[in-house]
Structures are given as C-alpha cells and as structure tokens.
Amino acid sequence: MTTSACGITVHGYGAETVARKTLNKENLAALGAEALADLLLEVTRGNRALQQRLRLELSARAGPMDIARDIRKRFAQLRRASGFISWQKQKAFARELSDLVDLITTRIAPDAPGEAFDLLWTFLQLAPNIHERTDDSNGVIGGVMDDAMAAIGDLAPRLDLDPEALADRVFEAMQDNGYGEFDGAIPALAEALGSSGLERLKTLARAAEVAPLTGADLARYDFVADEARRSSLALEGRNRTAAMILQDVADLQGDVDAYMARSSSVSSTIRSFSAALQRRRRPPSVMISISDISTCSGICLSLHGHAQVSGQKGGQFTAASPPACL
C-alpha cells in the first residue's frame, strides 16, 4: 500500500501477496480441510475418473486390503468394457490407469507386497482388452504397462511365493502375450523365481517345443483360413515363444552357449522386430515397410492382425486380407 502526493491511498499487489496466490501445496493447505473438501467436491462433479480416484483415496485410509478390493472392482469394470475410447478421452484414460498403478505401489505394496503383485499382474492381464479399445500410436498406454512391469521388478525381492508355481504363472502368461505386456517378466521376477523357478521355466519351454499343438495354440491364428498354414504358423509362434523364454533364462543363468544357441540370425531379427512393435503396442494404423518383413512368415506372425503392412508398390494388407506369407 502506498500514498500518492495528493494524499490518496493506493492499494497495490506486492511480491508477498502474489506469493500467497500461487497454486502450491503450502498455500492450498492453508485453506483448511473443510474448504478443500468443498473444492474437491465441486471440481470432481460430473468427472467419473476423478470421483473414482477420490473414492480409492478414501479406501486407502482403511488399509491396503480395502483399497485393493476397490481396485479389483475397477479392474472388473475395465474387463467388461468394450467401447472404443476416442483420442479426446484417451489421455484421461491413460492417466487413470497410471493412477491405479501408483496407488498399488504407494498404498498397498509397502504393507502387502504379495497383494500388490497380484494386482499388478491382473492389471497386465487386462492389456489386450485395453489395447483393443484404444489407438496407442503414441505409446502412452504401453508406457503404463511398462511401469506396471517395472513395479513388479521392484516388488520381486519381497515376494514370498513358491518359485515353481510362479514359473508356471509366468510361462502361461507368455503364451498369449500379443501386445508384449509380459515382456520382461522373467528378468523382473528373477529374484522371486530363484534357481528352481528358472529351471522350471527351462523345463516347461523345452517340453513345449516338442509337444503337439493345442487348440489354444491354433486359436491364436484363427485369422488364417488355410488349415495347414495355420498349423505351421502356430508351431512357429509357439516355438519362438519357447526360444525367447530359454534365452531369458540362459541370460540370467549366465549360460552364454545356451543363449547363443537360441540366437540365430532369423530369430534375432524376429525378436527385435517384435520388440519394436510391442513398444508401439501395435496400434491398428501402424504402417510397416515390406523390407522390414523380408524374413517373412515368422515376422508376419508378430502382426497378428494388429497392423497393416505396406508394400513397396503401395499395396496394403490387413487381417481380413493378409499378405502372401500368411
């Protein structure tokens, strides 16, 4: 406040006044709990995602099991949902998914690591449905899945799980890993798996390589009309998954010879190509040049109908009209 030459008092805004109006934690806390509660109710009115977050925060006050129960309810809703999420709403949806992972890691994991692991694993199992409802060409949804796997890696040393049962769980998840959501599961869980778990994975993968094809193996390639070709692709896909598991195990065991035995030039090309697609989470509009699939059938499998393939002459292929290699 200043006084002019003619005696008129002038009210101005000094640095201290401006600082008090800055939106930060200290200034908001100074408003008091009641005022903040009113503001939260006002700003979340009509916003389902924010209301859901507030309910979860309230559950967290009752303990990790209460918030875990509410998160499972939200997972059930996500599992049942089928409508496509428009790009206008996708950012908010990705934020909600990220908030769920954060709640698990910050509110449940400290006191209940086993429950947190089970929730994160269940979250990753939702990936196919979530990806089918979104166009994740910017990789944001895939990034949330990667965060969930990283959180599992942080939990691994604290998990008290039977190593062989855990190996069975990992092996099963990797059989239907179309969007790469379980990539990195073996390295992330290395400490929890231990030597017996890694040996169990090795046994399962080797057995899979020589076992007859199952109905589930064939169902993953039901977009291929020719029965013989479908069987061939299913066999290649299953054996490629087994080889990837054996590579991860060999890497963790320090077995260079075993690792190299699974690293032929073709399988390495397929794996790097597949990993690149999985980082993008294979949105429907991904365009891939024909030169990228010169190793043909095995790599074409990685598309599994989730990407279009652009030929050098401008031809395009889709799941309904696959390339000749399929």
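Any read-out appearing in this document is the output of simple, stated calculations on the displayed coordinates, not a laboratory observation. Predicted, not measured: the structure shown is a model, and the values here were computed from it. Virtual Cβ from ideal backbone geometry, glycine too; neighbours counted across all protein chains shown.
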So, with points 7 Å from each Cα along the Cβ direction, the ASP160-GLU227 label distance in nm works out to 5.3
Filtered hits (aspartates and glutamates, Cα-Cα < 20 Å from LYS25, offset >= 8 within chain) -> GLU16, GLU34, ASP38, GLU42, GLU57, ASP99, ASP102
Here, ALA150 and LEU28, labelled 7 Å along Cα→Cβ, have an inter-label distance in nm of 2.3
Taking R0 as 35 Å and r as the Cβ-Cβ distance between LEU235 and SER137, the FRET efficiency 1/(1 + (r/R0)^6), rounded to the nearest 0.05, comes to 0.65
If the chain between LEU54 and GLU199 were fully extended at 0.36 nm per residue, the gain over the current Cα-Cα distance would be 47.8 nm
Charge dipole of region 47-160 built from unit charges on the beta carbon (Lys, Arg +1; Asp, Glu -1), centred at mean Cα; most positive-end Cα among GLY153, SER98, ALA112 is SER98
FRET efficiency (GLN253, GLU172; Cβ distance; R0 30 Å; to 0.05) is 0.90
In whole angstrom, the spacing between the Cα centers of region 204-267 and region 132-173 equals 20
Between LYS21 and THR106, the FRET efficiency computed from the C-beta separation at R0 = 25 Å comes out, to the nearest 0.05, as 0.25
